[in-house]
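Input: a single structure, listed below in structure tokens.
The values are calculated or read from the model by the stated rules, or taken from the named source; none is laboratory data. This one's a predicted model, so the numbers in the text were calculated from it and none came from an experiment. Cβ: placed from backbone, ideal geometry, glycine included. Neighbour counts: every protein chain shown.
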Ligand code: AVJ
């Protein structure tokens with residue numbers, strides 16, 4: 001496609017309500033109760049996450065940006081591609097560091113932001129278009145766990161999956177995702193994967209339970225999303241924000257813990273849930289990697305680790321992997 005913005009949709013608005021209904025029915029009907037973290041990100045949740053990225057305790061975004069400031073040119077030199085695909089809306093400064101470096105290699109033709117939220121996707125696409133004249137931008141509205149096959153192929157592509165979001169997936173889902181991506185990768189493609197690294201548990205927990213309570217509001221917001229979109233009556237203050245380090249699985253768990261016995265009705269699903277005091281809803285895992293384990297996961301999915309960069313403190317890593 002020539003310069004300009006094109007939008008491809010693989011999820012439609014009414015998909016959202018049926019997907020949320022399915023996730024709430026399967027996740028909340030019986031203990032152990034869980035909800036997928038993708039439902040955090042309504043408009044308010046997106047703003048809360050932006051606020052989280054600026055918190056002193058939440059180091060991952062700063063660290064990843066530092067790596068890109070130091071090494072975007074090295075990354076572009078190692079993978080002189082014509083297409084940058086970003087899983088995630090591409091609205092961040094980090095994307096521009098990559099685009100600048102890839103543009104400077106002279107090979108960049110196309111930017112493909114891929115995200116489930118069409119609004120943030122198109123606004124990011126338009127902003128990038130304004131700053132990178134001549135670039136063609138193809139915004140793909142889809143779910144990275146379901147629509148990878150819709151990604152444009154051909155040419156040389158750098159697929160960036162930044163922020164550590166792969167850590168939200170359980171090991172089996174990570175393997176499925178990395179394998180699906182590998183299945184449609186060809187010679188000349190590369191994967192740039194952002195991963196948070198294992199470290200002092202106190203520092204990890206603080207990053208997910210900040211003193212200002214922004215992460216608590218982000219976590220509780222999922223209940224507001226369900227109240228609004230499925231006509232439910234969660235008492236937001238009836239659930240406490242919990243962040244714990246699960247050392248056995250090497251991931252942070254965010255939970256919402258019932259502060260008392262309470263019945264919640266989800267009218268759109270004709271579902272009533274009796275929570276007992278102290279009972280948890282698991283709302284997110286955020287895996288923290290060790291380099292050897294990450295290399296093994298990449299290899300098991302058919303990827304080879306070509307290069308790795310970390311921030312000066314070694315808190316976060318960007319890995320360049322090739323088929
Ligand atoms: C956007 C998924 C990478 O797991 O660190 C931030 C989301 N959760 N604070 C993460 C999040 C709580 C974040 N990711």
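Out of 130, 124, which single residue is within 16 Å of the ligand (Cβ to nearest atom) and at pLDDT below 95?
Details: 130 fails: within 16 Å of the ligand (Cβ to nearest atom).
It is 124.
Could you check how many residues of segment 130-143 are touching a helix residue (DSSP H, G or I) at 6+ places or on another chain (Cβ under 6 Å) and over 30 Å from residue 310 (Cα atoms)?
Count: 1.
Could you identify the single residue in 225, 205 that is part of a helix (DSSP H, G or I), within 12 Å of the ligand (Cβ to nearest atom), at pLDDT 95 or above and surrounded by 14 or more Cβ atoms within 10 Å (Cβ to Cβ)?
Every option except 205 fails the conditions.
In segment 78-89, is there at least one residue being within 13 Å of the ligand (Cβ to nearest atom) and surrounded by fewer than 22 Cβ atoms within 10 Å (Cβ to Cβ)?
Here is the first cut: in segment 78-89, the residues within 13 Å of the ligand (Cβ to nearest atom) are 87-89.
With surrounded by fewer than 22 Cβ atoms within 10 Å (Cβ to Cβ) added as a condition, the list becomes none.
Checked segment 78-89: no residue is within 13 Å of the ligand (Cβ to nearest atom) and surrounded by fewer than 22 Cβ atoms within 10 Å (Cβ to Cβ).
The rows are residues; the columns are (1) more than 14 Å from the chain's Cα centre (by Cα); (2) over 28 Å from residue 210 (Cα atoms); (3) exposed (fewer than 13 other Cβ atoms within 10 Å of the Cβ); (4) away from the ligand (no atom under 16 Å from the Cβ).
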position	(1), (2), (3), (4)
14	yes, yes, yes, yes
32	yes, no, yes, yes
41	no, no, no, no
51	yes, no, no, no
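Sort out which residues of segment 278-323 are in contact (Cβ under 8 Å) with a residue 40 or more places away in the chain, within 30 Å of residue 25 (Cβ to Cβ) and assigned to a loop (DSSP other than H, G, I, E, B), and write them in order of number.
Selection gives 279 alone.
Can you tell me which residue within segment 144-160, out of those that are assigned to a strand (DSSP E or B) and touching a helix residue (DSSP H, G or I) at 6+ places or on another chain (Cβ under 8 Å), is farthest from residue 72 (Cα to Cα)? Talk me through it step by step, then tell me what you get.
Going residue by residue through segment 144-160, those that are assigned to a strand (DSSP E or B) are 157-160.
From what's left, touching a helix residue (DSSP H, G or I) at 6+ places or on another chain (Cβ under 8 Å): 158-160.
Details: 158: 12, 159: 14, 160: 12 Å.
So the residue we want is 159.
Conditions (1) within 12 Å of the ligand (Cβ to nearest atom); (2) loosely packed, with under 15 Cβ neighbours inside 10 Å; (3) within 21 Å of residue 143 (Cα to Cα), marked per residue:
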site: 169; (1), (2), (3): yes, no, yes
site: 178; (1), (2), (3): no, no, yes
site: 185; (1), (2), (3): no, no, yes
site: 192; (1), (2), (3): no, no, yes
site: 209; (1), (2), (3): yes, no, no
site: 216; (1), (2), (3): yes, no, no
site: 236; (1), (2), (3): no, yes, no
site: 252; (1), (2), (3): yes, no, no
